[in-house]
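Written below as C-alpha cells is the structure these notes are about.
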Amino acid sequence: MLTFAQEAASYETLDSNATAVICCGVTKEFGRGDGKSIALRGVDLDVAAGEMTLLVGPSGCGKTTLISIVAGLLDPTEGEIHVLGQDLRVLKGHKLVDFRGANLGFVFQQYNLLPALSAVENAAIPLIALGIKRREAIERAGELLNAVGLGSKLKAMPSQLSGGQQQRVAIARALGHEPKLLVCDEPTAALDAESGRVAMELLRKVAVQPGRAVIVVTHDNRIFDYGQTIVHMSDGRVVEVERGNA
C-alpha cells in the first residue's frame, strides 16, 4: 500500500491547459473583537499551469497571506482552496505536510540557506527530507546547480556567494523534487537590478513549463514583464487581472 507521501507525489502531471490553483471566496481574519484585522476579503483567483502568475500590489494588501493559504501554511477563515485538484480543507496534519512536501517548492526573499552547509548540500535538503539517499540527492542537486549556472560553486559556503548566487541556490533547492507548484515570495527584493533579472530569467527558464505553475509575489515593477498573468491586489481583494503579458 502506498503511503500518503507517495500518493501525494503520484498525482498526474498537470495538463498545460489545466488550472493549478482555484480560490473561491477566500477570506482571512486575524485576531478577535476590537483587535481583529481582515487580510483577505473574498478573493477569487485561478492560476493556470504552464505559466508564471505575478501577485502585485502595495505592502499589506494581502499578497503574502494569499500565497500562504495556497501553500497550506495558513487556513482560510472562509472560502474554498483547491491546489493541484486537491481540496486543502480536507488535508490535516501529516497529510497536509506530505502533500506540500511532495508537490510544492518555495523561493523566498531571504534565501534561508544554512550557513554550515555548502551550496550543493543546501540544494539537496528537500530531497533528503523526502527520503532520497544522500549520495543521490547530492548528485541531483549538483545537476540543478549546474543548470542555474553554479556548477563551479558546488562546494562554496553561503558566505562565499553573492546575493544573486545565493538566490540561484535557493531556486535550485526549490526545484529539486520537481514540484508542480512553485511559490516565490519577493524573490528579487534583496537583489540589485541585474541579479533580479538573472533570477527571473532562471525562474522562467527552469520553472515555467507545461505541468508546472509558478506564483510570484512582488511589488518590484522591474519584473512585471516576466508574468503571463498579473494579478493586482489592494486591501485584501483582487482588483484587476491582466493576461497574456509574456
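The values are calculated or read from the model by the stated rules, or taken from the named source; none is laboratory data. Since this is a predicted model, take the numbers as computed values, not measurements. Cβ: placed from backbone, ideal geometry, glycine included. Neighbour counts: every protein chain shown.
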Subset of the range 217-244, residues free of Cβ contacts under 8 Å to residues at least 60 places away in the same chain, more than 18 Å from the chain's Cα centre (by Cα) and surrounded by 14 or more Cβ atoms within 10 Å (Cβ to Cβ), comes to E242
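Yes/no matrix, rows are residues, columns are (1) more than 27 Å from D98 (Cα to Cα); (2) buried (at least 18 other Cβ atoms within 10 Å of the Cβ); (3) of a type in the set (F, W, Y):
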position	(1), (2), (3)
K28	no, yes, no
G35	yes, no, no
V43	no, yes, no
L55	no, yes, no
K63	no, yes, no
P76	no, yes, no
H82	no, no, no
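Give me the residue from the range 9-63 that is outside any strand (DSSP E or B) and acidic (D, E) and, out of that set, modelled with the highest pLDDT.
Only one residue tops the list, namely E51.
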Matching residues in the range 123-141 - criterion: being in a helix (DSSP H, G or I), under 21 Å from the mean Cα position of the chain (by Cα) and either crowded, with 16+ Cβ neighbours inside 10 Å or not small (G, A, S) (or both): A123, A124, I125, P126, L127, I128, A137, R140, A141
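Please go through the range 169-189 and give me each residue that is of a type in the set (D, E, K, R) and under 16 Å from L114 (Cβ atoms), ordered by number.
Selection gives R173 alone.
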The lone exception for Q166 - which of (1) closer than 26 Å to L55 by Cα; (2) free of Cβ contacts under 8 Å to residues at least 60 places away in the same chain; (3) surrounded by fewer than 22 Cβ atoms within 10 Å (Cβ to Cβ) it fails: (3)
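Yes/no per residue for (1) free of Cβ contacts under 8 Å to residues at least 12 places away in the same chain; (2) in contact with a His (Cβ under 7 Å, 6 or more places away or on another chain); (3) at positive phi:
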| position | (1), (2), (3) |
| --- | --- |
| K36 | yes, no, no |
| L40 | no, no, no |
| D44 | no, no, no |
| G50 | no, no, yes |
| G60 | yes, no, yes |
| L66 | no, no, no |
| I69 | no, no, no |
| I81 | no, no, no |
| P115 | no, no, no |
Selection from the range 84-122 of residues that are modelled with pLDDT of 95 or more and either closer than 19 Å to V183 by Cα or not in a loop (DSSP other than H, G, I, E, B) (or both): A119, V120, E121, N122
If I ask for residues that are within 28 Å of S195 (Cβ to Cβ) and not in a loop (DSSP other than H, G, I, E, B), which ones from the range 220-242 would you list? N221, R222, I223, F224, D225, Y226, T229, I230, V231, H232, M233, E242
Determine which member of the set G164, G211, G149 is under 26 Å from L127 (Cα atoms), part of a loop (DSSP other than H, G, I, E, B) and under 20 Å from the mean Cα position of the chain (by Cα). G211
